[in-house]
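Q: Shown below is the structure under consideration.
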Amino acid sequence: MTATLGQLYRPSHDESARQRFVGALKGYANGALEQKLAARYDHDLRPAFERAQGHAPADRVEARPLFEADPLYQLWGSMVYASQGLMWETVGATCERIGPRFEARAAELTGKARGSLLLDPTLVIPKPIVDVEIHRQPGGYFASMRPGDLHAALIYFGTIELYRAAKGLSANAPVGEPGIGRYIAQVVRKRYPDLAPRRILDLGCGPGTETIALQEAFPDAEVHGLDLSAPFVSFAHAWAEERGMALHFRQADAQRTGYPDGHFDLVISHILFHETWHDIAPKIFAEARRILAPGGVFLNADVPYQPARMPIPKQVTNDWQVRNNGEPFWTGFADTDVAAALRGAGFAAERVVADYEPLGAGHYFFFGGRAA
């Protein structure tokens, strides 16, 4: 029996052990150690600042020098940086080993496709995205050495699996389970129970593993996925084909999708906007408004790190990501008044949303609007 793409992604015993170590290291750095850092701020750093200045730090800019001089913060930053590098190294070893078989299976699947894949070799990746290895992924999202090269997508996919394993989510779930996609579909149904989309677009679909949840949730809809990365949409196409889903993937810029006016009844995205830029996000909002049909919904899920709801230590550690971990628009997005930007893109104020939905012990930030 031919192995599926999901079955092919199997770290060896030693690879799995190293990846579990990386997951545990990341969990400690971003959990217990970050909590200790927050306590250090409350007990030592903030009181010292107050004695010297007569007031508490007003924001991350004022607080950052306090942290940068602190050995615990230096330890935290070193551990997060090292764990990120180790993640790419350990997952990369698995992906390099299985890559040829994985790509051969993907080519076999897409030889008699139900859906479609449209690549654009002339596509110009916008700045500053083209110049950044987001998440410090080696080579970035767009690296491709040859036709059919899926390594950039495969290694990204592998890190998702590492995180799922570290959180205990993969023990009884298949590889590539679209948990977040199903969660977003549930939020769409809860917020817009009358919506019966005929066409759906997943903006910034990445490797497409979450896009298939949209087809599951809305089986009568025609589902599309769009991403800047050729390896990502190529991976997504093969992933959907193996599941017997006729999904349609396109390499394009979310600012200029190439779809006709009013083409979609639902446009969604997941963690797209914190990987854009100040002048790019408003253009994507305007493009989404253009391609929405009357009554159509634009809804996005992204990081819930808006400063108004974040304590100072978390603001500072988030800002560290911008300067050290390949997240140039992390705090820029968190600072953005997305409701105002959506109104500027043509969504009526009373139809704009920008609030939070619970997920486990935390939340996701949901924002968007509905066309009149």
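Rule-based calculations on the coordinates, nothing more; no lab input. Keep in mind it's a predicted model, so treat the numbers as computed, not measured. A quick note on method: Cβ atoms are made from the backbone with ideal geometry, for glycine too, and the neighbour counts reach across all protein chains shown.
Q: Using a 7 Å offset from the Cα along the Cα-to-Cβ direction at both Leu169 and Arg343, what is the distance between the two label points in nm, to one decimal?
A: For Leu169 paired with Arg343, the spin-label model returns 3.4 nm.
Q: Test of understanding: what is the full-extension gain from Ala52 to Leu359, defined as 0.36 nm times their sequence separation minus their Cα-Cα distance?
A: Difference between extended and current length: 106.5 nm.
Q: If you project the alpha carbons of the chain onto their three principal axes, what span does each projection cover, largest first, in Å?
A: 69, 55, 39 Å, listed from the longest principal axis down.
Q: Something else about it: If Rh is defined by the Kirkwood formula over all Cα pairs and Rg also comes from Cα, what ratio Rg/Rh do you get for segment 17-103?
A: 1.21
Q: Same structure, new question: Give me the net charge for the shell around Gly176: Cβ to Cβ below 11 angstrom, other residues only, Lys and Arg +1, Asp and Glu -1.
A: Net charge around Gly176: -2.
Q: Ok, one more. GNM on the chain, C-alpha springs below 10 Å: top fluctuator among Leu214, Leu86, Leu359?
A: Between Leu214, Leu86, Leu359, it is Leu359 that shows the largest mean-square fluctuation.
Q: Something else: Give, rounded to the nearest 20 debye, the magnitude of the charge dipole that the chain has about its Cα centre when Lys and Arg contribute +1 at Cβ and Asp and Glu contribute -1 at Cβ. Could you put the intermediate results ahead of the total?
A: Values: 38 positive and 43 negative charges, 90 e Å.
For the chain, the charge dipole is close to 440 debye.
Q: Taking one equal scatterer on every alpha-carbon of segment 108-223, how large is log10 of I(q)/I(0) by Debye at q = 0.18, 0.22 1/Å?
A: Values, matching the q order: -1.21, -1.36.
Q: Helix-only mean residue ellipticity at 222 nm, the chain, DSSP H runs n ≥ 4 weighted -39,500 (n - 2.57), per residue, nearest 500. What is it?
A: About -14000 deg cm²/dmol.
Q: Right, something else. Under a point-charge model restricted to the Cβ atoms of Lys and Arg (+1) and Asp and Glu (-1), what is the dipole moment magnitude of segment 123-228 relative to its Cα centre, in debye to the nearest 20?
A: 260 debye
Q: For a quick check, take a GNM of the chain with Cα springs below 10 Å and name the residue from Ile125, Ile284, Ile200 with the largest mean-square fluctuation.
A: Taking springs between Cα atoms under 10 Å, the residue moving most is Ile125.
Q: Same structure, new question: Among Ala348, Leu8, Thr317, pick out the residue whose Cα is farthest towards the positive end of the charge dipole of the chain, where Lys and Arg carry +1 and Asp and Glu carry -1 on C-beta, about the Cα centre.
A: The one lying farthest along the dipole's positive direction is Leu8.
Q: In terms of modelled amide H atoms, which long-range or inter-chain residues lie less than 5 Å from the amide H of Arg199?
A: Here the answer is Glu222, Asp265, Leu266, since their amide H atoms fall under 5 Å of that of Arg199.
Q: Residues in segment 20-51 near a label at Leu72, defined as backbone nitrogen under 15 Å from the 7 Å Cα→Cβ point?
A: 29-49
Q: Between Gln35, Gln53, Gln137, find the one with the highest GNM mean-square fluctuation for the chain; connect C-alpha pairs within less than 10 Å.
A: It is Gln53.
Q: Pairwise over distinct Cα atoms, reciprocal of the mean inverse distance: report the Kirkwood radius of segment 179-370 in Å, one decimal place.
A: In segment 179-370 this quantity evaluates to 16.9 Å.
Q: Further, regarding this structure: What are the extents of the Cα atoms of segment 264-372 along their three principal axes, listed from largest to smallest and rounded to whole Å?
A: 43, 29, 20
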